[in-house]
Amino acid sequence: MVDWLVAARMVQFGSSIVAGGSAIFVASVGGDGRAPEEGRRSLTKEIDGTLIAALLAAIVSGALWLYLFRSQLERALADDETQVTLWSVVTDTQFGRVSALRFLIALLLTVLFWVRFARPLPRSESLDWSGALLGLALVVSLAWCGHAGSGMGVGGDTHLAADAVHLAAAAIWLGGLIPLLLLLRPSLPLTPPERYVMVRRFATLAAWSVALLVLSGLVNTWFMTNSFRDLIGTDYGDLLLVKIALFVVMLGFAALNRFRLTPRLGAARTGGSQALWWSVAAELLLGLLVIWVVAVLGQTEPPGHMHVGVTETGPVRAENIGGLGSAAHGDVSLTWLPSSR
Amino acid sequence: MRKFSLVIFLLPLLIASGAEAHAMLDHASPAVGSTVARSPGQVTLTFTQRLEPKFSGAEVRSASGARVDQGKSVSGNVMRIRLKGLAPGTYRVTWHVLSVDTHTTQGSFNFRVGD
């Protein structure tokens with residue numbers, strides 16, 4: 001059976017990352033003045049088609065996510081007198097307000113890129129960078145839709161910032177792979193050396209993104225788990241290991257592209273991009289699998305939050321229950337979860 | 001090779017962004033299962049995450065099932081439930097919350113007024 005919430009989250013994360021990454025690619029890599037104007041314009045036109053498709057997917061999956069959240073909330077509050085309407089979810093929850101803002105950003109970007117796609121406008125750096133910044137905002141704002149957006153104080157702000165950086169870095173690397181594939185298509189009016197300059201530029205951006213992914217992942221881990229032992233033997237831990245394995249293989253392909261296949265492109269007079277194209281395609285496929293794992297992880301309770309709990313009283317932190325003495329008199333019945341200390 | 005080892009060491013630290021958790025009751029006043037000498041003016045529930053006020057609430061009932069709460073206020077991760085004057089006896093607090101990361105949780109606990 002399809003878990004529509006996981007599906008909506010997956011499409012939302014994937015399409016936002018592709019849209020944000022593609023917009024950044026156009027402004028940074030595609031804006032390289034050393035490549036001929038005609039080639040850059042052809043590349044931008046190709047990428048704009050992808051951008052528009054990704055933005056439409058983001059709009060549809062965002063609406064579906066909001067609708068599914070409303071239905072879930074309505075079921076959870078079935079015994080309560082509170083009315084759960086789509087409007088009240090949009091106006092009275094952080095998720096709803098952020099979703100509405102993200103919807104407007106996606107709509108604005110769709111119009112912007114559609115105009116650029118449909119009419120042969122002269123290249124405009126300010127237009128490219130405006131699109132890149134809005135695309136980045138579309139991706140980064142996802143941080144407010146999850147756990148990172150629910151913390152408090154300095155710790156909460158740090159977690160939120162780390163999550164935002166994690167998403168931005170994912171967009172620059174993973175989201176840039178589709179434009180990279182388009183850049184490597186032989187039909188584009190670019191010579192191998194011209195392609196090589198652009199590929200190298202992207203490789204530098206991607207390398208920094210990987211470093212940021214690791215660092216922000218470190219901070220996220222600090223907030224989501226108590227110790228690495230928590231990751232063993234839990235659903236969350238198993239999924240995380242799958243994610244790490246996929247990431248390792250992705251890095252392998254990235255290294256192959258950077259150190260073996262890209263120099264080959266630089267040395268070629270004609271062609272030279274076919275092997276690199278297939279290798280980047282494999283890297284992209286693995287990246288999509290990572291996004292799928294992230295979508296499932298988002299619906300899975302992190303182990304750092306599982307080790308405390310009381311079935312009778314609802315979820316409670318163990319160290320803060322003041323009435324353990326009274327529990328012996330039958331005022332409260334405690335049943336610790338299997339992973340409790 | 002040393003750089004490669006460092007990357008492998010750091011890899012397990014990569015974790016899903018946007019992973020979500022449920023709001024837990026961090027602590028309550030009166031405390032879960034506790035006995036207080038006099039009627040408290042309110043029950044204060046502190047959770048581990050920020051709450052959505054409109055979709056979070058609680059009720060307090062006496063042993064006979066009569067409601068003794070008089071409205072709530074929610075700010076950040078704290079929910080306060082105002083109470084009528086409570087006679088000695090056992091009371092049950094039943095709460096449900098929506099955390100800002102879109103997850104709902106609920107629970108209940110007792111506290112006692114008097115000896």
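Scanning the stretch A:31-70 for residues that are over 24 Å from the mean Cα position of the chain (by Cα) and of a type in the set (Ser, Thr, Tyr) yields a single hit, A:SER42.
Any residue at all in the stretch B:80-91 that's within 11 Å of the chain's Cα centre (by Cα) and modelled with pLDDT under 95? Talk me through it step by step, then tell me what you get.
In the first step, residues of the stretch B:80-91 are kept if they are within 11 Å of the chain's Cα centre (by Cα); the result is B:80.
Now drop any that are not modelled with pLDDT under 95, which leaves none.
Within the stretch B:80-91, not a single residue is within 11 Å of the chain's Cα centre (by Cα) and modelled with pLDDT under 95.
Only a single item in (1) assigned to a helix (DSSP H, G or I); (2) touching a residue at least 40 places away in the same chain (Cβ under 8 Å) is not met by A:GLY30, and it is number (1).
For the stretch A:266-288, indicate whether the set of residues that are among the small types (Gly, Ala, Ser), at pLDDT 70 or above and more than 32 Å from the chain's Cα centre (by Cα) is non-empty. The answer is yes, given that some residue of the stretch A:266-288 is among the small types (Gly, Ala, Ser), at pLDDT 70 or above and more than 32 Å from the chain's Cα centre (by Cα). When the stretch A:73-87 is filtered for residues that are at the interface with another protein chain (Cβ under 7 Å from one of its Cβ atoms) and at pLDDT 85 or above, the ones remaining, listed by number, are A:LEU73, A:ALA76, A:LEU77.
Under the condition of being surrounded by 23 or more Cβ atoms within 10 Å (Cβ to Cβ), over 16 Å from B:GLY71 (Cα atoms) and either more than 7 Å from every other protein chain (Cβ to nearest Cβ) or not small (Gly, Ala, Ser) (or both), the residues counted in the stretch B:33-47 number 1. Applying the criterion of being part of a loop (DSSP other than H, G, I, E, B) and among the basic types (Lys, Arg) to the residues of the stretch B:31-58, the residue that is nearest to A:THR93 (Cα to Cα) is B:ARG50. Just the residues that are within 12 Å of chain B (Cβ to nearest Cβ) and of a type in the set (A, V, I, L, M), please, taken from the stretch A:53-72. Within the stretch A:53-72, A:LEU66, A:LEU68 qualify.
So, A:GLU81, is that one in the same structural domain as A:LEU182 (by TED's automatic domain parsing), charged (D, E, K, R) and assigned to a helix (DSSP H, G or I) or not? Spelling it out, it is not the case that A:GLU81 is in the same structural domain as A:LEU182 (by TED's automatic domain parsing), charged (D, E, K, R) and assigned to a helix (DSSP H, G or I).
Meeting the requirement of 3 or more residues that are out of contact with any Lys or Arg (no Cβ under 8 Å at 6 or more places or on another chain), within 14 Å of chain B (Cβ to nearest Cβ) and under 27 Å from A:LEU285 (Cα atoms), the helices (runs of 4 or more DSSP H) wholly within the stretch A:90-184 are A:153-173. One residue stands out in the stretch A:81-98 among those that are more than 24 Å from the chain's Cα centre (by Cα) and surrounded by 15 or more Cβ atoms within 10 Å (Cβ to Cβ): the one that is nearest to B:SER75 (Cα to Cα), namely A:ASP92. Criterion applied to A:GLY49, A:GLY21 was being surrounded by fewer than 20 Cβ atoms within 10 Å (Cβ to Cβ), at pLDDT 90 or above and of a type outside the set (Phe, Trp, Tyr), and the one residue passing it is A:GLY49.
Of everything in the stretch B:63-115 that is away from chain A (no Cβ under 13 Å) and polar (S, T, N, Q), the residue that is surrounded by the fewest Cβ atoms within 10 Å (Cβ to Cβ) is B:SER64.
The values are calculated or read from the model by the stated rules, or taken from the named source; none is laboratory data. All figures in this text were calculated on a predicted structure; none of them were measured in a lab. Methodologically, a virtual Cβ is constructed for each residue, glycine included, from the backbone with ideal geometry; neighbour enumeration extends over all protein chains shown.
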